[in-house]
Structure formats: structure tokens, C-alpha cells
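Following: one structure in C-alpha cells, then a few remarks.
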Amino acid sequence: MIHEKLPKIWYGGDYNPEQWDEATMEEDIRMFKLAGIDLATINVFSWAKSQPDENTYQFEWLDRIMDRLSEANISVCLATSTAAHPAWMARKYPDVLRVTFDGRKKKYGSRHNSCPNSPTYRHYSREMAKRLADRYQNHTALVAWHVSNEYNGYCYCDNCEREFRNWLQKRYGTLEKLNTVWYTSFWGHTFYDWEDIVAPSGLSEEQPGNKSYFQTISLDYRRFQSDSLLECYLIEYEELKRVTPQIQITTNLMGTYYGLDYFKWAKHLDIVSWDNYPSIDTPPSHTSMSHDLMRGLKSGQPFMLMEQTPSQQNWQAYNALKRPGVLRLWSYQAVAHGADTLLYFQLRRSIANCEKYHGAVIEHAGHEHTRVFRESAEIGKELQVLSDHILDSRLSSKVGIVYDWENRWAIDLSSGPTKLLDYVNEVHKFYDAAYQLHIQTDMIGVEEDLNSYEVVIAPVMYMVKPGFAERVEQFVQQGGTFITTYFSGIVDEQDMVQVGGYPGELRKVLGIWAEEIDALLPDQFNQVVINDTKGYLQGEYQCSILCDLIHSEGAEVVATYGSDFYAGMPSLTVNSFGKGQAWYVASSCEPRMLQDLLRTVFAEKQITPVLDAPAGVEVTMRSKEDQSFIFVLNHNPEPAAIPLQGEAYVDLLSGETITGVCEIPGRGVWILSK
């Protein structure tokens with residue numbers, strides 16, 4: 001639960017009144033009231049203002065803002081400000097500055113320029129969190145803590161190199177074991193002393209673009225850097241929690257961001273929050289997948305949408321305006337997938353530097369007579385009407401798609417077989433196939449309980465971690481359906497190939513073994529030819545990127561390759577195992593085939609959509625106790641007809657009763673309840 005002090009979905013966003021005078025803040029508060037804004041995230045980048053030198057702390061300015069927001073009945077998500085260290089710190093303690101991949105010591109500037117293993121940074125960030133907690137622990141405005149901001153980036157300095165060695169000693173214990181798991185007999189890379197180990201950078205094992213001569217070393221360095229930044233978060237978390245155990249603590253994540261293992265991080269967040277910034281041409285299903293991934297980090301717990309833009313962004317290649325209705329549509333898309341908070345970056349536009357053209361509720365015009373403000377205020381009004389209906393309701397899915405950051409790192413570091421393989425894209429292909437069939441899906445980690453699902457899909461499961469294969473076998477044995485793909489079961493958690501034939505530990509449940517893997521050129525295709533119609537699978541489909549050359553060991557051969565020297569070899573198989581089935585998709589297949597495959601599997605498992613809907617209309621359902629809420633989101637610019645199957649619903653946004661075959665407006669939203 002994240003709303004102990006508010007009877008509705010939180011609505012607001014990042015606010016930087018320190019950039020303005022008090023008269024502007026008063027005008028902002030007036031407009032916040034017009035827009036229904038009841039939460040402000042403040043103090044995100046104010047370290048320099050609060051601590052002008054190592055011995056001086058000045059919070060009077062923040063006191064005034066906290067007090068004024070409280071007087072206006074606007075709650076505060078208070079950030080710790082530690083995402084950008086002050087200039088004096090970099091000048092006096094250069095160990096705080098990061099070293100780049102190519103070995104250059106950075107100077108003061110930008111943000112996220114602090115070495116996560118700098119004793120200086122850790123000391124002062126802890127002290128800042130402590131002082132903020134002590135000062136504001138009983139403040140009436142405080143409802144949540146926001147630690148730092150968008151943790152990201154790696155460092156390759158001497159501090160990190162030294163702590164990397166310590167991390168490795170804790171993980172492996174002895175150099176003998178480390179040499180074994182890193183396979184250092186390759187290229188004569190045996191380490192004789194812990195001091196021999198250096199960070200895998202452009203000066204040692206790596207090249208730009210995730211190319212590494214020793215993937216085992218590089219994989220561990222990514223784990224180490226993710227853990228190092230997590231330790232920085234925990235330093236602040238512990239100080240805040242010690243003083244304010246009743247206040248929720250979070251930090252804003254970034255969807256499928258590459259550099260951090262968010263499943264590991266989520267264990268230490270009271271509530272997951274994240275920043276959603278799709279491009280104008282991002283498929284809606286990709287945004288939905290990211291929402292579901294963030295919800296899945298804590299096994300379906302509602303999350304906070306910490307940032308989205310009310311209008312255009314400032315950092316993408318083409319910063320298009322959100323068309324009328326899109327802000328509302330994308331906001332409720334977040335709620336439809338589990339958000340209990342809608343926040344923006346930002347509430348008022350900055351007037352200088354790199355974010356001055358990033359959208360805001362209050363534009364540079366400085367008044368409420370803008371399209372963006374009107375649309376923001378419309379949402380604020382609707383959230384008042386929604387009250388607490390939606391809060392703490394959950395999505396219940398019968399389909400889970402496995403996502404694993406360490407697996408992604410290992411794939412990206414792999415020396416072949418193709419540079420076309422993109423883990424996120426391959427996962428999204430399966431997610432999109434279910435999305436187009438209007439089947440609600442969870443995004444889950446490798447540690448998640450599989451037995452709560454009817455179908456589990458693990459695309460490109462290159463790395464199989466200890467215990468996962470056994471859990472898959474148990475899941476299928478008991479009647480579940482498991483689907484995985486080419487380039488799966490290749491390595492263990494140390495990126496060591498499991499000899500004896502791919503797909504390694506998954507071989508038994510899948511009933512196949514893979515002999516070779518062919519990499520296709522970008523404009524090259526093969527065909528998946530269905531032998532006999534099976535369910536909705538029939539005819540011929542295109543495939544590309546990689547083709548596994550597989551042999552059946554008991555699995556039914558559903559389809560074979562149509563061309564090249566391996567024409568006639570299996571390309572799609574299904575293996576009966578206990579009460580369930582395990583499918584193997586041996587190549588990267590076109591969307592039509594994945595939809596037909598999932599349609600076949602879902603029909604067998606009697607998994608049906610919440611509502612039938614045309615293409616471009618998204619449907620999800622959140623439930624709590626005996627209430628269900630159906631979200632209907634029309635991503636098309638034109639109206640769409642929705643058959644309600646004789647049921648009568650009330651749209652919670654408009655109050656209207658909807659029944660029969662009804663037309664939802666272009667970019668329209670319904671939240672239906674009986």
C-alpha cells in the first residue's frame with residue numbers, strides 16, 4: 001500500500017521551486033489546485049544548495065517550501081538530492097569523480113558523475129540522508145522518500161578496481177575457484193594474486209559496444225557495478241528507514257535500462273517507481289511490457305509512475321508533441337498495468353539548459369490557458385472522481401514471460417553468433433503476440449513461482465541459472481505449458497558452455513538437442529513450414545536472425561525448415577512431459593507465426609481475453625476483493641467498436657452506463673465496472 005495519507009491516486013510530479021522566486025511558487029500552487037495536483041517531488045538536484053561546503057548545511061529554504069506545500073494540502077515525495085554532488089566536493093575530493101571506460105578521469109559536471117565506490121561520496125550521501133530524515137521525520141507534508149535519481153552508469157577508477165577484487169573474494173573465496181569459473185586457462189590468463197585483476201575496460205578486456213575477450217570477467221563486472229550502485233542506495237535507505245520506518249522509500253527505475261539488475265534492486269525498494277518516456281513511434285505494446293516488467297519486479301505489487309512528460313521530451317532524436325488525448329491515454333495505460341501514482345517530469349518548465357524544452361504542466365507561457373494544462377487538469381479532475389476505487393487492485397494473469405538482466409548481459413557480451421540478436425526485442429516479440437491477442441501477461445524473473453501460471457514463456461534463455469531447469473520440469477510435469485526459443489540453454493550463470501548438447505539443462509523437458517546454430521544475414525530468411533495443421537498453425541512462415549539445427553529426442557516435430565542445406569530439419573517442436581507440454585521455437589519468427597502459436601497454446605489452456613477488441617485497442621483488468629475494473633484503451637486515432645457480450649458496465653470516468661456494441665472514441669479510455 002502506498003497511499004496511507006491520500007484517498008486517491010497520487011497526482012503531481014517533479015517540482016523545482018528553488019529555480020524560481022516565491023511569487024512564482026504562489027502562482028504555481030494556484031495552478032496546481034486548478035489541475036488537481038496533490039503531490040510534488042522536490043529536492044531532486046539540490047545538494048549544492050543545501051550543502052555549500054563540507055561543514056555547512058542549510059535547509060531553511062527547503063523548510064519554507066515544505067511548509068508552504070503543506071499549507072496548500074500538497075503532499076511531498078522528498079528526494080535526497082544525491083544524484084549530483086556539489087562542485088566543492090569534486091575540487092576537494094577528486095576520488096568522488098568517475099573514470100570512463102577508456103580510462104579518462106572525469107571532471108566536475110553533468111550528473112551521475114559520482115564513483116559508487118568513492119568513500120567520499122558514500123560518507124556525504126549518508127550524512128545528507130541522515131540530516132534530511134532527522135529534520136523532516138514529522139513533517140505533515142512528507143509521504144514518501146525518493147533516494148537519488150535514475151541510478152545509472154559504470155565507473156572504472158582505482159576505487160572500483162580495488163572493491164571489485166573484494167567483491168570477487170566474497171563471491172568465490174579463492175583464486176583457484178575464480179580461475180576455474182573465469183576459465184582463465186584460455187589465452188593464458190591465469191591470475192596469481194588478487195592484485196593481478198583489473199577492471200575489464202577499454203584498457204584491458206573490452207572494446208566499445210559490449211565486446212569482450214573475456215565475457216566471464218565482463219559479466220561479473222556488470223554484476224559488481226550494479227551491486228555497487230545498489231549499496232549506495234542502501235546507505236541512504238538505511239538512514240531514512242532508521243528514522244522514518246513508516247515512510248515508503250523508493251528510487252526511480254527506467255524500464256528495460258541495461259546497466260542494473262532491477263529484480264535484485266526491487267527487493268530493497270518499498271515500492272517500485274519508474275520513468276516512462278516512449279517515443280511517438282514506440283509500439284503501445286512495448287510501453288505496456290515495460291509497465292508489466294516494473295510491476296513484476298515485486299510480484300505484481302502496484303507501482304509508482306514517477307516520471308512521464310505532459311508533452312514533448314527534450315533528449316530524443318525527434319521530440320514530437322503528444323497529440324491531443326495521448327497524455328490521458330498513456331497515463332491510464334500506466335494505471336491499467338498497475339500504477340497507483342501518476343507523476344510528471346516536470347510541473348513547471350525550466351528556462352535554461354538541457355531540460356528547458358522538456359514538457360511541463362505549466363509551460364513557458366506561465367499560465368493555465370494552454371492545451372497541455374487543460375489536458376493535465378482533465379486527468380486531475382477524473383482522478384478525484386475515481387477516488388480510491390482502483391487503489392491496491394491487482395492484475396491476475398495466466399501467462400508469464402521471463403525476463404533476466406544477467407541473461408541479457410551475457411547475450412550482449414557473447415562473441416557471436418550474430419550482432420542482430422537483441423534480447424529486449426526478442427522478448428517483446430512474444431509479449432506483443434500475446435498483446436495482439438488481448439491476453440493479459442505478467443513479466444517475471446527467474447526466481448518467480450512458475451506454478452501460479454498456465455503458460456510460461458522464456459525467450460532466448462541463453463543463460464540457465466541453478467534450479468531454473470528443475471523448476472521448469474516441475475511446472476510442465478504438473479500440467480503447465482513452457483515455451484522457449486533458439487539460443488537457449490547454452491551457458492550456466494558464469495557464462496560457461498554446458499557441454500553435451502544444447503539446450504543443456506532444458507534438453508530433457510524439451511525433448512530435443514541442437515547441433516549447430518546458423519546466423520543469417522540481415523536480408524536473409526528461411527521458412528518455418530508446418531507439417532500438418534496444428535491448432536492455428538498452418539502453412540509457411542518466415543524466420544530470420546538465427547536458426548538452430550535441432551534433432552528430436554521424443555518431441556513432436558510440428559514444423560521444419562523450408563530451405564538451405566538444413567531444409568527438412570525441425571524448426572518447431574512440442575514435447576509432452578508429464579501432464580504438460582514444452583515448445584521449442586528454433587528460429588526468430590515473424591509476428592504472424594508467434595500469434596498463431598500462442599493462439600494455439602491459449603486455446604488448449606482455455607485462456608481467453610477479458611473482452612474481444614479490434615486491433616489497436618488494449619484491454620486489461622485489475623481486481624480487488626469482489627470488484628473488477630476493465631480498462632479499455634483505444635490507441636487508434638479513430639473510434640473503435642467494442643462488443644460487451646450482453647453485459648452492462650458503468651464507465652467510472654464518465655459515469656455512463658455502457659452495454660451492447662459500443663464505440664470508444666479515438667484515443668479514448670474506459671474504466672468499466674459492473
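The values are calculated or read from the model by the stated rules, or taken from the named source; none is laboratory data. Please read all numbers here as calculations on a predicted model, not as lab measurements. Neighbour counts run over all protein chains shown; Cβ positions are idealised from the backbone, glycine included.
Observations on the model:
- Qualifying residue in the stretch 264-280 (condition: out of contact with any Pro (no Cβ under 6 Å at 6 or more places or on another chain), part of a loop (DSSP other than H, G, I, E, B) and in the same structural domain as residue 163 (by TED's automatic domain parsing)): no
- Looking at 334, 360, just one residue is in contact with a Leu (Cβ under 8 Å, 6 or more places away or on another chain), assigned to a loop (DSSP other than H, G, I, E, B) and crowded, with 21+ Cβ neighbours inside 10 Å, and that residue is 360.
- For the stretch 598-620, filtering for residues that are surrounded by 20 or more Cβ atoms within 10 Å (Cβ to Cβ), within 15 Å of residue 394 (Cα to Cα) and either more than 27 Å from the chain's Cα centre (by Cα) or aliphatic (A, V, I, L, M) (or both) leaves 1.
- Total residues in the stretch 221-259, condition among the acidic types (Asp, Glu), buried (at least 23 other Cβ atoms within 10 Å of the Cβ) and under 21 Å from residue 408 (Cβ atoms): 0
- Residue list for the stretch 415-432, restricted to those being assigned to a loop (DSSP other than H, G, I, E, B) and surrounded by fewer than 20 Cβ atoms within 10 Å (Cβ to Cβ): 415, 416, 417, 418, 419, 420, 422
- Flag: residue 376 matches the condition of being crowded, with 21+ Cβ neighbours inside 10 Å and of a type in the set (S, T, N, Q).
- Residue list for the stretch 379-405, filter: surrounded by 16 or more Cβ atoms within 10 Å (Cβ to Cβ) and either assigned to a helix (DSSP H, G or I) or aliphatic (A, V, I, L, M) (or both): 379, 380, 382, 383, 386, 390, 391, 395, 399, 401, 402, 405
- Residue ID - modelled with the lowest pLDDT, chosen from residues in the stretch 267-295 that are of a type in the set (A, V, I, L, M, F, W, C) and touching a helix residue (DSSP H, G or I) at 6+ places or on another chain (Cβ under 9 Å): 280
- Under the condition of being surrounded by fewer than 20 Cβ atoms within 10 Å (Cβ to Cβ) and part of a helix (DSSP H, G or I), the residues counted in the stretch 433-453 number 3.
- Highlighted here are the helices (runs of 4 or more DSSP H) found entirely within the stretch 36-105 that include at least 3 residues which are modelled with pLDDT of 95 or more and under 26 Å from residue 273 (Cβ atoms): 47-50, 60-71.
- Checked against (1) of a type in the set (A, V, I, L, M); (2) touching a strand residue (DSSP E or B) at 6+ places or on another chain (Cβ under 7 Å); (3) not assigned by TED's automatic domain parsing to the domain that holds residue 54, residue 168 meets all criteria but (2).
- Cross-chain or 6+ apart pairs with Cβ under 9 Å, the stretch 264-281 first and more than 20 Å from residue 9 (Cβ to Cβ) and in contact (Cβ under 8 Å) with a residue 40 or more places away in the chain, then among the basic types (Lys, Arg) and assigned to a loop (DSSP other than H, G, I, E, B): 280/322; 280/323
- Residue check for residue 584: closer than 24 Å to residue 477 by Cβ and either among the basic types (Lys, Arg) or assigned to a strand (DSSP E or B) (or both): yes
- Taking the stretch 610-674 and the strands (runs of 3 or more DSSP E) fully enclosed by it, the elements with 1 or more residues that are in contact (Cβ under 8 Å) with a residue 24 or more places away in the chain and farther than 23 Å from residue 375 by Cβ are at 617-624, 627-634, 640-651, 669-673.
- Among the candidates 168, 234, 203, 229, residue that is touching a residue at least 24 places away in the same chain (Cβ under 8 Å), closer than 26 Å to residue 94 by Cα, in a loop (DSSP other than H, G, I, E, B) and not acidic (Asp, Glu): 203
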